[in-house]
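Okay, so here's the structure we're looking at.
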Amino acid sequence: MSQILTIALAKGRILAETLPLLKRVGIEPVDDLLTSRKLIFPTNHANINLVLIRSSDVPTYVQYGAADIGIAGKDVLLEHGGEGLYERVDLKISGCKLMTAGFPNKPLPSGRLKVATKYPRIARQYFLDQGRQVELIKLYGSMELAPIVGLSDLIVDLVDTGNTLNANGLAPLEHIMDITSRLIVNRASQKMKNQAIKEFVSRIQKAVME
Ligand code: PRP
């Protein structure tokens with residue numbers, strides 16, 4: 001009997017680039033993921049199912065084996081910590097940058113800076129490496145609002161086109177790291193479903209290199 005694979009995909013902007021990649025390796029969901037309200041999707045392969053979840057939940061599903069494979073941004077993986085999973089392929093899609101941002105040409109206050117972010121783990125490490133003392137304020141979205149309403153001096157957030165920062169009178173300041181989407185695999189699945197995973201990963205690797 002062929003091994004069933006569950007692949008966790010992130011909702012949002014990654015999805016639009018993930019679906020064409022899956023299509024290139026011959027995997028197509030039976031419904032339109034971009035418009036459907038469903039969360040579990042069979043595909044044209046009887047042994048492959050997709051689940052559609054929040055990007056920050058993808059590593060958790062894979063860590064606990066609720067999904068064998070996942071596709072998530074490097075930002076989300078670093079913030080999660082990577083327990084229980086292997087990062088197998090840099091998919092080279094959904095490229096963007098993780099940056100600090102704030103008001104351009106406005107001197108920062110002296111003393112401990114307040115930094116709003118949904119990436120406290122990455123941000124803590126970044127400022128620690130620089131020997132800078134900061135107070136981290138965890139948010140779940142719309143970080144750009146924080147400096148405007150005086151909640152923080154800076155934000156740490158993803159920057160793609162820069163349009164969101166610009167629209168809110170902010171500017172990118174320091175580049176923390178480049179981000180792309182990664183293919184991750186549950187550690188136990190990699191052993192237990194070795195054949196199916198090996199085949200899938202090698203097809204994806206080939207598609208990425210084409
Ligand atoms: C991300 C990020 C910024 C924006 C950057 O948010 O948090 O707000 O995109 O993109 P830009 O530089 O092209 O304007 P996203 O839209 O993914 O939603 P989120 O607030 O749920 O993270």
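The values are calculated or read from the model by the stated rules, or taken from the named source; none is laboratory data. Nothing here was measured: the structure is a model prediction, and the numbers come from that model. All Cβ positions, even for glycine, are placed from backbone atoms using ideal geometry, and neighbour counts span all protein chains on display. Remember, those area values only see protein heavy atoms, side chains included, never the ligands or the DNA or RNA. Shrake-Rupley method; radii C 1.70, N 1.55, O 1.52, S 1.80 Å.
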If you find the alpha carbon centre of the stretch 24-57 and of the stretch 130-155, how far apart are they in angstrom? 35 Å
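Just in the stretch 172-210: which trypsin sites (Lys or Arg not before Pro) are loop by DSSP and have at most 16 other Cβ atoms within 10 Å?
none
Rg to Rh ratio, the stretch 76-210, alpha-carbon atoms and Kirkwood radius? All intermediate terms of the calculation are to be shown ahead of the outcome.
Details: Rg = 18.2 Å, Rh = 16.8 Å.
Rounded to two decimals, Rg/Rh equals 1.08.
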At 25 °C and 0.890 mPa s, grab the translational diffusion coefficient of the stretch 147-193 from Stokes-Einstein with a Kirkwood Rh over Cα pairs, rounded to a whole number in µm² per second. 175 µm²/s
How long, wide and thick is the stretch 115-179, going by the Cα atoms along their three principal axes, in whole angstroms, largest first? 31, 26, 19
Given the -39500 (n - 2.57) contribution per DSSP H run of 4+ residues, what per-residue ellipticity at 222 nm results for the chain, rounded to the nearest 500 deg cm²/dmol? -8000 deg cm²/dmol
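Roughly how many Å² is the accessible area per residue of the chain, as a whole number, for a 1.4 Å probe?
Details: 11100 Å² over 210 residues.
The answer is 53 Å² per residue.
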Identify which of Leu34, Leu136, Leu77 has the largest mean-square fluctuation in a Gaussian network model of the chain, with springs joining Cα atoms closer than 10 Å. Leu34
Simple spin-label estimate for Lys106 and Ala167 in nanometres, 7 Å along Cα-Cβ: 1.9 nm
Too-long pairs where the Cα-Cα distance tops 21 Å, listed order kept, from Lys38/Lys138; Lys74/Lys193; Lys38/Lys191; Lys38/Lys193; Lys11/Lys97; Lys92/Lys193: Lys38/Lys138; Lys74/Lys193; Lys38/Lys191; Lys38/Lys193; Lys92/Lys193
Given the options Ser56, Ala67, Thr117, identify the residue whose Cα lies farthest towards the positive end of the charge dipole of the chain (+1 on Cβ of Lys, Arg; -1 on Cβ of Asp, Glu). Ala67
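To the nearest 20 Debye, how big is the dipole of the stretch 1-96 about its Cα centre, given +1 on the beta carbon of each Lys and Arg and -1 on that of each Asp and Glu?
Numbers: 10 positive and 11 negative charges, 49 e Å.
Once rounded to the nearest 20, the dipole reads 240 debye.
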